[in-house]
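Quick notes on the structure that follows.
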Amino acid sequence: MSSVAVLTQESFNEHRSGLLPEQVGVDEENLPTYKDAFPPLPEKAVTPEGPQETGNAWTSKIKPLKSSIITQVFHVPLEERKYKDMNQFGEGDQAKVCVDIMHKTGAHLELSMAKDQGISIMVSGKLDAVMKARKEIVSRLQTQASATVAIPKEHHRFVIGKNGEKLQELELKTATKIQIPRPEDSSNHIKISGTKEGLEKAKHEILLISAEQDKRAVERVNIDKVYHPFITGAYNKLVGEMMQETGARINVPPPSINKTEIVITGEKEQVALAVTLIKKVYEEKKRNATTIAVEVKKSQHKYVIGPKGNTLQEILDRTGVSVEIPPPDSSSETVILRGEPDRLGQALTEVYAKANSYTVSSVSAPSWLHRFIIGKKGQNLAKITQQMPKVHIEFTEGEDKITLEGPTKDVQMVQSQIEAIVTDLVSRMDYAEISVDPKFHRHLIGKGGANINRIKDQYKVSVRIPPDNEKSNLIRIEGDPQGVQEAKKELLELASRMENERTKDMIIEQRFHRAIIGQKGEKIKEIRDKFPEVIINFPDPAQKSDIVQLRGPRTEVEKCTKFMQKMVAEMVENSFSVSVPIFKQFHKNIIGKGGANIKKVSSSLTVTHLEVTMECVIPQKFHRSIMGPKGARIQQITRDHNVQIKFPEREDQQGKHLQSHCFSSFTNYKLKIFKAISCKILKLTCFVLKKRKLSYDFRDCPILSTGPFKLITIPISNCERGLCLAAPAEAPVQENGEANGDVKEPVDPAAPKKCDVIVLSGRKERCEAAVEALKALVPVTIEVEVPFELHRYIIGQKGSGIRKMMDEFEVNIQVPAPDLQSDIISITGLSTHLDRAKEGLLERVKELQAEQEDRALRSFKLTITVDPKYHPKIIGRKGAIITTIRTEHDVNIQFPEKNDENQDQITITGYEQNAMSARDAIQAIVDELEEMISEDITLDSRVHARIIGARGKGIRKIMDEFKVDLRFPQSGAADPNLVTVTGRPEMVDEAIDHLLNLEEEYMADVVENESKMAYMKPSGTASASSDHEPRGPSKGFVVREAPWATDKAPDMSSSEDFPSFGAPVAAAKASPWGPKRF
């Protein structure tokens, strides 16, 4: 009796460890033997004739490997050859074409000519290269024939295939060119060009494809549009039942599309049954249904239709009567009811009930009162809409009425409330209109709206100035009657003042323009500050014009003109010049060696005006402020008034002072006249501000005759060039006393200190003007009361705010320490700057107070309740929708966190009106979402991936096109074929039709691919995959007569059990492995 062993890992381990193997009883007849399962290797059979190869089971099962390189031979008969020149075989155009084909396809071509003058072409290469080369050979080396094949137009797309793949495959396979008419072409003929053999093959393949599609049927039935509702039924129930009963797909065009054709697709029997049912319903309704026409106001049609046609579907469902509403672009008010005679009365009652459930009314109200009715940020209107949310209130710009729409009772209540508001406003509000030339509008508004905002705040009125593009001169003022009159009066005064403006042209030589403007415009800025209402325009230097234009109020223009004329006259007086023509070659002789000659000429000039010395007493602590940064202010005064200014030494540095006299020479080099006595020739040194020293020889110059003098040079502030003569060194002058040791007189306590005395030298009137200018530079301190809590905002981050004000107004602002809790801020600076600084500070205080009020208004919070399932739709893809709402309404919208208790609460923060608007926007989205419907359809799960597309591109395109939302089942879902479509009813229907069309198209490819894959799978795969029954633990591979299962030990000397390598065996014993191959 033979033994049976189970060859598993456990049994093998037991065998290795010396344990007894566990034997399992199995049907021996069905088990292979060890030798069958593991045949021995092939041996060489030694026979008298020599070694012979014997067949065996192993060699019979091995399939030979195929080379990837194939070779095919194509024959082109003489009558089909394109190139028939026998003398140029292997040369000329034919050879060039062959070389080009080899380059294009990568295949190798060899040509030979047969006795019948035909060409044999041997093509070698990979399969795809050979097929491409074959197509090129047929098209370029062989004459072409053409033929047409006619198949139904709807079958053309199956010949083309997805992305044209089927057509390309067919052309390669048959080596032909196939032309299919475009969709808009009504022809059903397909043109084929190529060889005769290829034509026949292509025709055969196309007809096969058409024959496969003939098994399916498409039927188009024309049914009057008015009977479509009876075929679809209320909410598409009837057509759904038909499709479920017949298995065919029925496509009824939606009401918005004016088509009468109903398309039925499916198997022929299913389509025929569906057509029969549809025609049965049509004939029955056509025979029994009657119509009545009623008049309903055009404005009430939308109430009969209902949101997305729901009311019409509801009437059809209850009564079985179809209600036909004229299109919106039609002026007709006739509504037609079609159905069974006994149901028409009930349907008519419902139509009138729906039409009269809403009403439209209007309230007369002047258009200028509309914004007061709405209230600040919509407060007044919000109270009404909260009480009556179903009433829609519409304000039309430019019309003196307000339109109300909603339920009749609610509209009546809202109308009475608005009429009461209008009556109240008319009794206490007024308006006025004034006419002002548009060119003055921007002046009335002021810089940054300063003027018009001041008038609005002061008189509590609203002023509307038309924009420039309207070109209107009408300004409207609305508000309290008294405020309107006062604002009107002020605006008219401003307008008349502007109309009184005058433009005057002054003739000023262009050479003075730069001097009047000053360095960096400093001088012209002073003139403009002195006459702020006057606009001064200088011509462009390139124009070389002498005309300077002044524009402003008449009186101010006159004052500015006189001031500038005086300034120009002084410039002309102090800038007299005479030009002397001298040949250039004589210039060096006139200058002389070292400038001696020209210095003589300069020293001979005389001054025609007497100069004086004047003292100005200003406390020393203000001297540094008067000088300005780097002495800029004092230099400006020196240049403007043409005087010399000397500041005293500091009080703690005063010692012995030299009693000196400072002399200056002016731009015309006229020397000062002074009392003189005969003197010797002296050489004097002049100090120049440009850090150059010039030496002058004064011969026969009268000098004081009393004793020898000490000659010194010192720098004098703002002096163009100067020299000093000091008292004799032998007889020093005693301060506050007399010389030669006389007793000092008592010091007058009322006398000013020397350290406070500033000395000015120059012409008397100029010195007086300079003294006034110096006194104007003495800083003054004023105090401004500012609430303590605003101090830190005025200072700003790291002092930036207060530094900006100090730089802008050129003052010093001192804020008290926080521990003082003081409201007083000190401003120190020039008196001319203090007023502007105070106004600027107070303006900043107003801004801060307004910001505090605005911050309080912006903190208004509003909470709305929205079902959490709508939250993702409100947020939108990547937050696009919620970001748009936040931006448009300038609010912050906060959705609940995951752990919040109130998951349906959305918080809106911002201005109250904006928060209300944002709430309405969100509520509108929610209302739209609630009106949407969801329908489940069955789509084969095998086409889901193709419909979704790469990275969801396909599904996004469908969702954008039909405005719907698609939800595909997750992996592991109970029904993997169930797809949910959500959106408006009409769009859902169209989207479903589109998806079913795609399914039908893609399923053809899926079935084709599966049929191909069936041939590629092993024979046992299909049955194994279909067996879903649970199997027990594997017993391993079981064989009979295994060596390890026998009780007999193997014979070590047996050459059969243990063959030696290369040893010959008896010829009678043939090995199943076949003969040895070495």
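Mind checking which residues of segment 895-909 are modelled with pLDDT under 90 and either among the polar types (S, T, N, Q) or part of a strand (DSSP E or B) (or both)?
Asn899, Asn902, Gln903, Gln905
Filter segment 930-952 down to the residues that are outside any helix (DSSP H, G or I) and under 32 Å from the mean Cα position of the chain (by Cα), then identify the one that is farthest from Asn310 (Cα to Cα).
Filtering segment 930-952 for residues that are outside any helix (DSSP H, G or I) and under 32 Å from the mean Cα position of the chain (by Cα), the one farthest from Asn310 (Cα to Cα) comes out as Gly949.
Of everything in segment 331-366 that's among the aliphatic types (A, V, I, L, M), modelled with pLDDT of 80 or more and open to solvent by 40 Å² or more (accessible area, probe 1.4 Å), which residue is nearest to Gln412 (Cα to Cα)?
Start the filter on segment 331-366 by keeping residues that are among the aliphatic types (A, V, I, L, M), which leaves 335-337, 344, 347-348, 351, 353, 355, 360, 363, 365.
Narrowing further to those that are modelled with pLDDT of 80 or more: 335-337, 344, 347-348, 351, 353, 363, 365.
Narrowing the set further to residues that are open to solvent by 40 Å² or more (accessible area, probe 1.4 Å) leaves 336, 348, 353.
Working: Ile336: 30, Leu348: 26, Ala353: 18 Å.
Per the stated criteria, the residue is Ala353.
Every residue in segment 789-819 that is loosely packed, with under 10 Cβ neighbours inside 10 Å and over 37 Å from the mean Cα position of the chain (by Cα), please.
Asp807, Ala817, Asp819
Pull out all pairs, ordered by first then second residue, where Cβ-Cβ is under 7 Å, the residues are six or more apart or on different chains, the first lies in segment 478-490 and is aliphatic (A, V, I, L, M), and the second is assigned to a helix (DSSP H, G or I) and crowded, with 17+ Cβ neighbours inside 10 Å.
Listed pairs, sorted by first residue: Ala487/Ile455; Ala487/Tyr459.
Would you list the strands (runs of 3 or more DSSP E) that sit entirely within segment 387-468 and hold 1 or more residues that are among the basic types (Lys, Arg), without any contact (Cβ under 8 Å) to a residue 40 or more places away in the chain and open to solvent by 30 Å² or more (accessible area, probe 1.4 Å)?
By residue number, 401-407, 461-464.
Go through (1) in contact with a helix residue (DSSP H, G or I) (Cβ under 8 Å, 6 or more places away or on another chain); (2) surrounded by fewer than 15 Cβ atoms within 10 Å (Cβ to Cβ); (3) over 22 Å from Leu777 (Cα atoms) one by one and return the number of the condition Thr832 breaks.
(3)
Name every residue in segment 292-324 that is open to solvent by 40 Å² or more (accessible area, probe 1.4 Å) and over 25 Å from Met242 (Cβ atoms), in order of residue number.
Ile292, Ala293, Glu295, Lys297, Lys298, Ser299, Lys302, Ile305, Pro307
With respect to Asp960, is the statement that it is at negative phi and surrounded by fewer than 14 Cβ atoms within 10 Å (Cβ to Cβ) true?
yes
For segment 862-875, which residues satisfy the criterion of being surrounded by 13 or more Cβ atoms within 10 Å (Cβ to Cβ), at pLDDT 85 or above and in contact with a helix residue (DSSP H, G or I) (Cβ under 9 Å, 6 or more places away or on another chain)?
Across segment 862-875, the qualifying residues are Leu862, Ile864, Val866, Ile874, Ile875.
Can you name every residue in segment 938-990 that is touching a residue at least 40 places away in the same chain (Cβ under 8 Å) and small (Gly, Ala, Ser)?
Gly983 - this is the single residue of segment 938-990 that is touching a residue at least 40 places away in the same chain (Cβ under 8 Å) and small (Gly, Ala, Ser).
Please give the number of the condition Glu154 fails out of (1) free of Cβ contacts under 8 Å to residues at least 60 places away in the same chain; (2) open to solvent by 80 Å² or more (accessible area, probe 1.4 Å).
(1)
Please return the ranges of strands (runs of 3 or more DSSP E) entirely within segment 960-1078 where 2 or more residues are modelled with pLDDT of 85 or more.
Qualifying strands (runs of 3 or more DSSP E): 965-967, 978-983.
The values are calculated or read from the model by the stated rules, or taken from the named source; none is laboratory data. Just so we're clear, the structure is a prediction, and the values are computed from it rather than from any experiment. Backbone-built Cβ (ideal geometry, glycine too); neighbour counts: all protein chains shown. These area figures cover heavy atoms from the full protein model, side chains too; ligands, DNA and RNA do not enter into them. Shrake-Rupley method; radii C 1.70, N 1.55, O 1.52, S 1.80 Å.
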